[in-house]
Amino acid sequence: RNPLDAPDIFNAPERLCETARYRDLARLDAYFRGNQYDGRADWYTGETGNGERVPLRERKPCIIYPLPKAATNEAVRFAIGEGRFPTLAVEDVDEDDAVRPELTVSEAEAEQLTKLVGDLARTSHLKSAALQMMRSGLSCKTAPVVLGIRRGEIALTLPRPQDCFPAFRDGDPTAEVERMVWCYPFPKEVQEGKTIMQRMHYFRRDFTATECIVYRDAEAAQFGATIQWVVDEEATAKARHNFGFCPVVWIRNLPESHCSDIDGTGLYAGLEDEFDALNFALSQQHRGINYFGTPQAYETGVADDERPAATVRTARPVRELDPAKSGPFGVNPKKARALAPDEIWSYSGPAKLGVLETSGKAFEVASKHIMSVRARIMEALSVILIDPETAMQRDLAGIALQRLYAPMFAFVDELREHWWEHGFAKILSMMLRCVAVRGGEGLLIPGAVKVAPMLKRYMVDTTEGPLWMPPSITPTWGDYMSPSPADVKIAVETADKAKAGGLVTGETATAYVAPYFGVDDPEKEAEDAEADAE
C-alpha cells in the first residue's frame, strides 16, 4: 500500500489516525487537556532526551494556563449547567396543526408522551451526558453519540470525535448516520513467555442499522501493512439490535453555512498561537521571579581563603530506574552556589556589604502583556471569566451583570438553539424510536409498553419509504442569572408604584414580578391577591 494514497477508512480504520482531520482534532483536544507540549525539553534546562539543548521557544512551558478548558466549561455551564438544562414537554396537536391526521395528539396523549420523555432523559442520564457532549463539541468541533440498551435502560456512549468516521445518508452531514466506524490505537499488556510486555493494539467497533460489529483487539502491523481484522462473533451476536437505523447521532458544533465538512467549528480553533503566547509569557514571568525575584546578599573585601557560599546540588531530575545511568542516588548531582537570604556571597576586593535585587519593572511589563493577551483571547471567544475576588469587589447588580455578560448571553443563545435542534432533540427522538421499534419490551422504563403503540404511528409511509416523524418536544430553558434580593426589591417597588399610580392594572403588575416568585398564572394570582387584600 502506498502511504500517500487516500485511506479507505471503513476497510482500513487503523489509518484514521494518519489523516489531517485526526491530527487537527487531536491538537484541539490536547489544548483542552493541557498536554499540547508533552515531549518537549524541560523549561529550565532545555535539555532533550538525547542531551541536545534547544532554544526557549522549543521548550515545554513550566506554566500551562488551562484557559481553553476554563472557557469551554464556562460556556457549557451557562448553556446547560445546573438549573439551566431545559424542562421538556410534548404539546397537544389538533387536526388543523397536524402534518397528517394520524399525527394529532390529545391532551392526555401529550401528558403520557411528556412523562415518557422525562423518564427517558432521567434513566439515560441525558443531563450529565449533555455536558460532556457539549464540551466535546466546543473543544473538538463534533460530538458523536452512540445509543444502546444496557440492563433494560437506554445508555449513551460518547467516543472521541477523532476516533470516529461516519457515512451519512446521501452524503449529507445534516442527514442521519447510516454507518460509523470507531477505531483507535492503545497500548495493551501481553504476555510473551514469562515477561509481560506492552504492544500497540487497535480497538474497533462498526455501527450499522442492524448491529454493532465487535472486532477483536488487533496488534498494530508494520508501516504500510493492512491489519487482518477478526470479528468477535459471540460479542457481535449479543450487540445485535435490529433497530432498522444506525443508533448514532453526529452533532456538529455551529458549522459554517457553506460548510459540507463532517465536523463543525471549535470554540478556540485558530487561537492556538495566542494560547502559546500566553503560556510562554506566564512561564517567562515565573522564570524571572525565580532567578531575580529573591534579594541576594553579598560581601566583598574578604580573605581569599573564605568560601564564596555553601555548595549544594541542583534540582533533582526525574529519577532513573537504572543505577548504572544515574548513580547511587538515582540522579546526576551537580554542584551549585546556594541562593537564599541567609547565604552570603563573598568576593575579593575592598570590604563591602550589599544586596542584589531587581526593581520589578520587567515583571510589571510582563503582567500587562499577559493581561492584554488574555483579554484578546476572551474577546475572540465571547466568553466572560470573572474571578470571585473581582466580582465581590464590584458587587455588581443584576442589571449590570446582564450588560457585562451580554456578548456571552448572545453566544450561549446560539449554542442552545443549535444544540437542541441538531443534538438533544435528535437524541430524544432516537430514544422514542427505540421504544417504538421494541414495542417497549425489554425496557425498564415506566409506561414504555403502554405508549409504544402510540409512537408507532409516527413512522409514516412516504414516496421515499418509511419516514420517522417524531412528536415535537418543546424545551423551556433556565435563566442565565438568578435575581439578587436587590433586583427583586426594585421590581416589586416599580410594579407597586405603577399600579398605585393607575398606569397599569393589577394583573399587569403581577405579571411583571411573576418570574421572581415562580407564578405561572398572573391573572389568577392577581385575583387571589385582590381577594386577600379585601
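The values are calculated or read from the model by the stated rules, or taken from the named source; none is laboratory data. Computed from a prediction, not measured in an experiment: that's the story for all the values here. Every residue, glycine as well, gets a Cβ built from its backbone with ideal geometry; the counts of neighbours run over all protein chains shown. Accessible surface is based on the protein model in full, side chains and every heavy atom, while ligands, DNA and RNA are left aside. Shrake-Rupley method; radii C 1.70, N 1.55, O 1.52, S 1.80 Å.
In this structure the amide hydrogen of Phe203, modeled in the peptide plane, comes within under 5 Å of the amide hydrogens of Tyr184, Phe186, none closer than 5 places in sequence on its chain. The length gained by stretching the chain between His125 and Leu385 to full extension, at 0.36 nm per residue less their Cα-Cα distance, is 90.8 nm. For segment 1-107, the spread of Cα coordinates along the three principal axes comes to 78, 46, 15 Å, biggest extent given first.
Round to a whole number: what % of the accessible area of the chain belongs to carbon and sulfur, probe 1.4 Å?
Numbers: 15940 of 30750 Å².
Of all accessible area on the chain, carbon and sulfur atoms account for 52 percent.
Our estimate of slack between Lys352 and Asp97, defined as 0.36 nm per intervening residue step minus the Cα-Cα distance, is 82.3 nm.
Summing +1 for each Lys or Arg and -1 for each Asp or Glu, what net charge is found among the other residues whose Cβ lies under 13 Å from the Cβ of Gly83?
Numbers: positive: Arg77, Arg84, Lys127; negative: Glu82, Asp479.
With Lys, Arg at +1 and Asp, Glu at -1, the neighbours total +1.
Principal axis extents of the Cα atoms in segment 155-234, from largest to smallest and rounded to whole angstrom, are 52, 30, 22. Let me test this: with uniform point scatterers at the alpha carbons of segment 205-268, what is the Debye-based log₁₀ I(q)/I(0) at q = 0.17, 0.21, 0.29, 0.30 1/Å? Ignoring solvent entirely, the Cα scatterers give -0.82, -0.86, -1.13, -1.19. Across the alpha-carbon set of the chain, the Rg to Rh ratio works out to 1.08, Rh being the Kirkwood radius. Here, segment 429-530 has an Rg and a Dmax of 23.4, 64 Å when only alpha carbons are counted.
So if R0 is 60 Å, what FRET efficiency would Glu421 and Met197 give, r being the distance between their Cβ atoms, rounded to the nearest 0.05? Don't jump to the answer; show the numbers that get you there.
Values: r = 49 Å, r/R0 = 0.82.
Using R0 = 60 Å, I get an efficiency of 0.75.
Span-like helix criteria (full DSSP H runs; alpha carbon extent of at least 15 Å along the helix axis; mean Kyte-Doolittle hydropathy of at least 0.0) are satisfied in the chain by 67-80, 126-140, 361-381, 425-438, 506-517.
What is the gain in length, in nm to one decimal, between Asp170 and Val519 on full extension, counting 0.36 nm per residue of separation less the C-alpha to C-alpha distance? Please list the in-between numbers first.
Working: separation 349, 0.36 × 349 = 125.64 nm, distance 4.84 nm.
Additional length available on full extension: 120.8 nm.
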